[in-house]
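Trainee: Can you keep this structure in mind? I'll have questions shortly.
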Amino acid sequence: MITQSDFSSLTSYIDSIFNEVAQKKVAENVGFSIFDVADTNKRSHEHLLLHGMSGIKKVTPGEDLPNILGIQGDTITWTQSYYGATASITKEMRLFDLYNQIDSVIKSISQDSFDKVDQSLADRLTGGFSSTYTDPYGETQSSLAPDGNELFNASHDSPVGSETYSNIVVSGGVTNPTLSRDAIVAARLAAATHRDPNGMIRPINLDTLVIPRALEDLALRVVGSQFLPGSANNDLNPLYNRVKIVVWDRLAQNSAGTDTSAYWFMIDSNSVKESLKCLFAERPSLDAPEQVYKNKNWDYSLDFFYTVGTGYPAYIFGSNGTES
């Protein structure tokens, strides 16, 4: 029987289960590799974009160097939310040494916490074609970027209105096309001619395709093959080794239960963290109860504070595959 005198050793055992799950889940969670995951001690985090820093010009020898010019951009505020649950180690579990049940309870709640965080990151992408979406906690979230438009929009505004850009995929006059070689080429070309608010071309290199599992086979044929499928004389595939593929299973269905398996996204892997933010005031952690009673449940709490937000959206393009 697990008694009060065993509380310390049981807690160490439970901690080891949580740490094992956490290590595995952090390594598996695709969203953590795409989003800018950072820690902050602020409940509300204000993010200010500074657009189009410029000012480099020809300087006459002896002349003072010019000051750089920048356009103060849009501001958006992200507020941390609190999430958590308790995992109860019951008297029955302790009385009969039911370690298999203890393992299951702790593993399940630990996996749930990391799975919901990863799903909330995937929902930010699949929900980015409308102004709001439902997250895995059943809450309505805003998908708006700092300019007040949804994450994927045909006319994102600059702070002074002098330049606009789209990060919705358009191919052959079709908006939100299904995944194809032509659509990928069109997205890469559009991103490569991106202009900042000063009108300066600042190319964006869409070098990574992010897809649900349903599109994996097609994606491998389109960008993963050295030769063009179906072409005569084994014509070379120009996208081969230029576009990486990331499969994110959580993109197949959003938290509202909608099939999103036709959605696909392209990112600039060097800059996408400027577009997608995940801020933690406290990362998921498991805590032992402060007081335990001989004949009651021992409640271990798992909780965390975090928020998901959109920064400068230009470094991620998306299509929901509706071919509108």
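Values in this text are rule-based calculations from the coordinates and carry no lab data. Here the structure is a predicted model, which is why all the values come from computation and not from measurement. All Cβ positions, even for glycine, are placed from backbone atoms using ideal geometry, and neighbour counts span all protein chains on display.
Trainee: Taking the Cα atoms only, what angle lies between the long axis of helix 7-28 and the longest principal axis of the chain, rounded to 10 degrees?
Mentor: The angle comes out near 20 degrees.
Trainee: What is the magnitude of the charge dipole of the chain about its Cα centre, with +1 placed on the Cβ of each Lys and Arg, -1 on the Cβ of each Asp and Glu, and no other charges, expressed in debye to the nearest 20?
Mentor: So the magnitude is around 420 debye.
Trainee: Determine, from the Cβ-Cβ distance of ILE245 and THR3 and an R0 of 41 Å, the FRET efficiency 1/(1 + (r/R0)^6), rounded to the nearest 0.05.
Mentor: Using R0 = 41 Å, I get an efficiency of 0.15.
Trainee: Roughly how many debye, to the nearest 20, is the charge dipole of the range 87-176 about its Cα centre, given +1 on each Lys and Arg Cβ, -1 on each Asp and Glu Cβ, and no other charges?
Mentor: I would put it at about 240 debye.
Trainee: What list of whole percents do you get for P(r) of the range 240-323, with Cα-Cα distances grouped in 5 Å bins up to the one holding the largest distance?
Mentor: Bins of 5 Å from zero give 3, 10, 12, 15, 17, 12, 8, 7, 6, 5, 3, 1, 0 percent of pairs.
Trainee: Can you give the net charge of the other residues whose Cβ lies under 15 Å from the Cβ of THR140, counting K and R as +1 and D and E as -1? Don't skip to the answer; put the middle values down first.
Mentor: Details: positive: ARG124; negative: ASP123, ASP135, GLU139, GLU150.
Combined, the nearby Lys, Arg, Asp and Glu give -3.
Trainee: While we're here: If Lys and Arg each add +1 and Asp and Glu each add -1, what is the summed charge of the other residues whose beta carbon sits under 11 Å from the beta carbon of ALA85? Each step should come with its number before you reach the end.
Mentor: On the way: positive: LYS116; negative: ASP112, ASP299, ASP303.
Net charge in that neighbourhood comes out at -2.
Trainee: A further question follows. By count of other Cβ within 10 Å, fewest leading, how are MET200, MET93, MET266, MET1 ordered? Let's see the in-between values first.
Mentor: Details: MET200 12, MET93 19, MET266 26, MET1 8.
The fewest-first ordering by Cβ neighbours comes to MET1, MET200, MET93, MET266.
Trainee: Also: Specify the angular offset, from 0 to 90 degrees and rounded to the nearest 10, of the alpha carbon long axis of helix 181-192 from the longest principal axis of the alpha carbons in the chain.
Mentor: Tilt relative to the chain: about 80 degrees.
Trainee: Treating the angle as unsigned and between 0 and 90°, give the value, to the nearest 10°, between the Cα long axis of helix 99-126 and the longest Cα principal axis of the chain.
Mentor: 20
Trainee: Continuing with the same structure: Specify which labelled value, from (1) -0.38, -1.32; (2) -0.38, -1.17; (3) -0.29, -1.41, agrees with log10 I(q)/I(0) by the Debye sum over Cα atoms at q = 0.07, 0.15 Å⁻¹ derived from the coordinates of the model shown.
Mentor: Calculated log10 I(q)/I(0) by the Debye sum over Cα atoms at q = 0.07, 0.15 Å⁻¹: the matching label is (2).
Trainee: Considering the options SER130, PRO313, SER285, tell which one lies farthest towards the positive end of the dipole of the chain, charges being +1 on Lys and Arg and -1 on Asp and Glu at the Cβ, about the Cα centre.
Mentor: PRO313
Trainee: Distance from the Cα centre of the range 232-278 to that of the range 105-153, in angstrom?
Mentor: 17
Trainee: Would you mind computing Rg(Cα) / (2.2 N^0.38 Å) for the range 154-267, counting N as its residues?
Mentor: 1.19
Trainee: Could you give me the radius of gyration and the Dmax of the range 103-171, taking only the C-alpha atoms into account and expressing both in angstrom?
Mentor: For the range 103-171, the Cα radius of gyration and maximum Cα-Cα distance read 16.6, 59 Å.
Trainee: Which is farthest toward the positive dipole end of the chain among THR75, THR3, PHE96, measuring Cα position about the Cα centre, with Cβ charges +1 (Lys, Arg) and -1 (Asp, Glu)?
Mentor: THR75
Trainee: On to the next question. What's the tally of Lys pairs in the chain whose alpha-carbon atoms lie under 13 angstrom apart, where the two lysines are 8 or more places apart or on different chains?
Mentor: 5
Trainee: Work through the residues other than SER120 whose Cβ is under 15 Å from its Cβ and net out their charges, Lys, Arg +1 and Asp, Glu -1.
Mentor: With Lys, Arg at +1 and Asp, Glu at -1, the neighbours total -2.
Trainee: Which of LEU144, LEU251 has the fewest other C-beta atoms within 10 Å, and how do the rest follow up to the most?
Mentor: Taking fewest neighbouring Cβ atoms as first place, the list is LEU144, LEU251.
Trainee: What per residue convex hull volume, in Å³, do the alpha-carbon atoms of the range 123-209 yield?
Mentor: Considering the Cα atoms of the range 123-209, their hull volume per residue is 108 Å³.
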